[in-house]
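Report on the following structure.
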Amino acid sequence: MTARSKTVRIKLSNGDSIASVLRSPPHFEKAVVIANGAGAAMDHEFISYFHEALADSGYLSVKFNFPYQEHGRRAPDSKGRLEDCYLRVYAYLVEQIGITPDAIVLGGKSMGGRIASQIANRTQIKKLVFLGYPLHAPGRPDRLKTAHLGAVRARMLFLQGDRDRLADIEKLRQTIATLPKARLVEFAGADHSFAVPKKSGIDPETLRQRMVNAMCKFIGP
């Protein structure tokens with residue numbers, strides 16, 4: 001039997017609500033939340049690929065819109081509103097689906113992953129997954145967004161392309177070296193969207209499958 005998708009509405013603290021899609025295989029023990037980046041909503045092809053691949057790998061796979069994306073705005077919400085949204089998704093899985101906190105893995109693409117890292121200590125999760133962590137603004141490797149990572153209690157998996165303009169790979173390696181609970185998996189030739197030049201000879205589908213494999217190995221059965 002194949003995985004099935006169900007769209008739900010999740011209420012936020014201010015009374016607003018956002019859409020979330022839960023894709024579940026016939027049997028699962030763990031849930032993985034993949035939040036989208038700042039520039040695209042949950043129906044973006046990149047997020048949908050991993051949403052489906054993780055469900056096909058045996059996990060309850062969850063994606064959702066942040067409030068500004070839900071309302072068709074381009075500018076991201078405030079830090080507090082983004083964090084509240086992600087926390088409400090986590091609470092929904094615990095309270096409505098009945099998943100134990102330590103069986104939930106939070107993560108996401110770019111901004112979505114960063115928000116997951118910012119709320120991690122307000123949950124009881126054990127693992128975080130980042131698909132292209134936004135280490136710094138484009139061209140500003142002197143201003144790193146890492147101050148909070150050292151205090152994160154959960155184990156962390158960073159999947160990163162070595163051509164990412166938002167994460168100087170050497171700076172990221174140095175950061176990971178200071179985080180005993182973190183692991184870095186690099187993807188040669190990949191940019192922030194994990195796209196690779198045609199001349200590289202790297203098959204994009206093979207690269208994505210390697211990403212899925214790394215995630216599943218980290219998450220566990």
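No lab work stands behind these numbers, since they all come straight from the coordinates. Computed from a prediction, not measured in an experiment: that's the story for all the values here. All Cβ positions, even for glycine, are placed from backbone atoms using ideal geometry, and neighbour counts span all protein chains on display.
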Among 63, 127, 79, which one shows the biggest mean-square fluctuation in a GNM of the chain, springs joining Cα atoms closer than 10 Å?
-> 79
With a Förster distance of 25 angstrom and the Cβ-Cβ distance between residue 2 and residue 198, calculated FRET efficiency to the nearest 0.05 equals 0.15
Mean projection area, nm², convex hull over Cα of segment 8-144 = 8.3 nm²
Between segment 173-221 and segment 114-128, what is the C-alpha centre distance in whole Å?
-> 20 Å
Work out from phi, with θ = phi - 60° and the Karplus expression 6.51 cos²θ - 1.76 cosθ + 1.60, the ³J(HN,Hα) of each residue of segment 136-152, listed in order in whole Hz, and give x for Gly and Pro.
-> 7, 5, x, x, 10, x, 7, 10, 7, 9, 10, 4, 8, 5, x, 8, 5
Hey, what do the phi angles of segment 46-52 turn into as Karplus ³J(HN,Hα) couplings, whole Hz, using 6.51/-1.76/1.60 and θ = phi - 60°, x for Gly and Pro?
-> 5, 5, 5, 4, 6, 4, 6
State, to one decimal in nm, how far the label point of residue 137 lies from the label point of residue 100, with both points 7 Å from Cα in the Cβ direction.
-> 4.4 nm
Between the modelled labels at residue 13 and residue 29 (7 Å from Cα along Cα→Cβ) the distance in nm is 3.4 nm
Quick one: work out the % antiparallel among DSSP beta bridges in the chain, nearest 5.
-> 35 percent
Check residue 165: other-chain or 5+ apart residues with amide H under 5 Å from its amide H, H built from backbone geometry?
-> 192
For residue 121 and residue 217 in one chain, what is 0.36 nm times their gap in residues minus the Cα-Cα distance, to one decimal in nm?
-> 32.3 nm
Convert each backbone phi in segment 173-184 into a coupling constant with the Karplus relation 6.51 cos²θ - 1.76 cosθ + 1.60 (shift: θ = phi - 60°), then list the ³J(HN,Hα) values in order as whole Hz, x for Gly and Pro.
-> 4, 5, 5, 4, 5, 8, 10, x, 9, 10, 9, 10
Who wins for biggest fluctuation among 189, 15, 98 in a Gaussian network model of the chain, springs between alpha carbons below 10 Å?
-> 15
Label-point separation, residue 165 to residue 73 (7 Å along Cα→Cβ), nm = 2.6 nm
For the chain, what relative contact order do you get, as a whole percent, if you take Cα pairs closer than 8 Å and at least 6 residues apart?
-> 15 percent
